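Student: If you scroll down you'll find the structure; I have some questions about it.
Rule-based calculations on the coordinates, nothing more; no lab input. Here the structure is a predicted model, which is why all the values come from computation and not from measurement. Neighbour counts run over all protein chains shown; Cβ positions are idealised from the backbone, glycine included.
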């Protein structure tokens, strides 16, 4: 059952092949599951259990079962996809599935998030958090340059005070809090 | 009666000013979340998990329970006024509630839903008080093999009962189990899937997984497909009911819990199935068959009552057996783990203050909800106008706060984003998120119980099935697995006949 996906026809023109691939992009999920399974199995099999094992089932057993499970499910999913089965994209009240995915927004959001992660320690949470909110709102299409930064700053400062001073969850204040 | 005394003590806990405050915050947040599109109660509780670092468990759970009940209340408001359910449990409310609102009876629809939730929640919670101690007592002797069986049941139920594809459910579960494996083995200290990294040796915190899958994954997914023109809610006044409406609704309010409560307690997907069943039942029993589809008030009253009762049923399984039957229950279970508390039969003995305070706070929460929601409905409806960029930027913001609060490490934010991207991919390809979360939360625990059981039996597999309890649970599992086959056979026979 682990046969790799075969091409629809021996020598498909590039257009056809591309649309076949787009149609069967779910096979990428199978590849990822397969890779994950190999990773888990590899890690489990190279484990050297020197510590005296307590009980008949050691630390290897469950990872091996999970790894094999991943390989099997990757194969089953591949068969299902090749037979025409499709995972149904999740709907939602703010989700419009009739239009193609907007990758620019997703990448922008991920970038803003990573940027905030980098900034949180040198610049402090209030600054990084405000930039995260403003950046995310901007990525999602908000262009109110008077209102957006203000909301972001207030939200970030309030959250900092609530977590840091009221709930006792320390967040880095950064240079700004040092000044205030 | 013992349970009644304990409940009175619970009221003593729940009615202290600080816990009343948490209950009020919980129901207000919950209602807002139910009304707001894009945020479900599971995501809300996940985003609030970091408060567990600063708050005592009783206050935290009182707030979480308030969110759960409040979201049920709020979800129906969106269904009725906008025809877009705020969460899955409220899908049915849109079928009769929205036509009612369109024909100018929105106020009555909101009132029927609010009172339905109150009645359903009240009856459900009374059933919880009566049943939970009994279940806990019956289960008090259960040991490692029984716990393992319950967890296997949770795994199977969540992958095969829910969702449209078992393969995809199972794939999701395995992803969750893999994430749960990362870190030091609990029994031997062996490193697993850490690749020599010190940070990974601590494992990936459940908070990060839950927030990543529920919040970041959802925000990214919506961002990719954001609807450019959100619908306009129908304006509505204060909810109220005339005598004729009450006469038509009261039986539906009482029938709802009968359907909702048992379905909440079993792992069958929470409120979706019982609300639908209640709808069908009310339609069959209705004396006003012409109204259906055009706004029959029974079609709002019954299902909404069933929805709230199912939330109470869910709490029975979670508190007495540690079995999460919905996404919210799964995240609440993660919160229990954060406090190092193991929900299960012993919870009633070990943490009576917590359990009974929580249950009593449900009654308090219900009264607060009714008192708040009837007069505040028009205000809640305004929440629907919140600009979507702010809503989803806010989700990203609070997700970052939550993940950073776990350990104050930047690497956690990166892991959060990666898990969020996994959540995005899962939504794109129809892998349900819940099995993965259940896998992360229950996986490590299940492994420990399995190994403990086999240790006791000295490696013999019979050690897993040597109690009547575990045998019963495995029988249920076999039934669940064979169900599609049985259904097919019955259908074929019927087709032949």
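Student: Would you mind computing, in nm to one decimal, how far apart the modelled labels at residue B:199 and residue A:38 are, each placed 7 Å from Cα along Cα→Cβ?
Tutor: Distance between the two pseudo-spin positions: 2.6 nm.
Student: Where does the stretch B:171-260 land on Rg/Rh, using Cα atoms and the Kirkwood Rh?
Tutor: 1.31
Student: While we're looking at this one, here's another question. Reported to two decimal places, what Rg/Rh ratio describes the stretch A:90-145 when computed on Cα atoms with Rh from the Kirkwood expression?
Tutor: Rg divided by Rh gives 1.08.
Student: Relative to the longest principal axis of the C-alpha atoms of chain A, give the angle of the C-alpha long axis of helix A:125-139, reported between 0 and 90° and rounded to the nearest 10°.
Tutor: 60 degrees
Student: Equivalent-ellipsoid semi-axes (√(5λ), Cα gyration tensor) for the stretch B:244-384, whole Å, largest first?
Tutor: 32, 18, 13
Student: Identify the residues of the stretch B:132-154 with backbone N under 13 Å of a label point that sits 7 angstrom from the Cα of residue B:466 along the Cα-to-Cβ direction, or state none.
Tutor: Correct set: B:143-146.
Student: Hey, another quick one. Over the Cα atoms of the stretch A:103-179, what Rg and Dmax result, in angstrom?
Tutor: Final numbers for Rg and Dmax: 12.9, 40 Å.
Student: Please give the residues of the stretch B:1-23, grouped as numeric ranges, whose backbone N is less than 13 Å from a label point set 7 Å along the Cα-to-Cβ vector of residue B:140.
Tutor: Counting only backbone N, you get B:2-3.
Student: Helix B:410-428: angle to the longest alpha-carbon principal axis of chain B, degrees 0 to 90, nearest 10?
Tutor: For helix B:410-428, the angle is close to 60 degrees.
Student: Which value in nm describes the separation of the simple spin-label points at residue A:121 and residue B:244, placed 7 Å from the Cα toward the beta carbon?
Tutor: 7.0 nm
Student: Between residue B:4 and residue A:144, what's the calculated FRET efficiency when r is the beta-carbon distance and R0 is 60 Å? Round to 0.05.
Tutor: 0.60
Student: Give the calculated FRET efficiency between residue A:79 and residue B:418 to the nearest 0.05, with a Förster radius of 35 Å applied to their Cβ-Cβ distance.
Tutor: 0.80
Student: If you don't mind, there's one more thing I want to ask. With the cut-off at 1.5 for a/c, could you classify the stretch A:14-82 from its C-alpha gyration tensor as rounded, prolate or oblate?
Tutor: Cα axes put the stretch A:14-82 in the prolate bin.
Student: Please work out the FRET efficiency for the pair residue A:162 and residue B:386, using the Cβ-Cβ distance as r and a Förster radius of 25 Å; give the result to the nearest 0.05.
Tutor: E(calc), rounded to 0.05, equals 0.75.
Student: If you don't mind, another one. Just the number: Rg to Rh for the stretch B:385-497, Cα atoms, Kirkwood Rh, two decimals.
Tutor: That ratio is 1.17, to two decimals.
Student: Further question on the same structure: How much length, in nm to one decimal, is gained on full extension between residue B:350 and residue B:294, taken as 0.36 nm per residue of separation minus their Cα-Cα distance?
Tutor: In short, 15.0 nm is gained.
Student: Using every pair of alpha-carbon atoms in the stretch B:2-496, split the distances into 10 Å bins beginning at 0 and state the percent of pairs per bin, rounded to integers.
Tutor: 4, 19, 30, 28, 14, 4, 1, 0
Student: Measure nothing but the geometry: give the 0 to 90° angle between the long axis through the Cα atoms of A:103-123 and the longest principal axis through the Cα atoms of chain A, rounded to 10°.
Tutor: 50 degrees
Student: With the cut-off at 1.5 for a/c, could you classify chain A from its C-alpha gyration tensor as rounded, prolate or oblate?
Tutor: Note, shape of chain A comes out oblate.
Student: Peptide B:452-461: average number of partner chain Cβ atoms within 10 Å per residue?
Tutor: 2
Student: When the Cα atoms of the protein assembly as shown are enclosed in a convex hull and the volume is divided per residue, what value in Å³ results?
Tutor: With only Cα atoms used, the protein assembly as shown gives 190 Å³ per residue.
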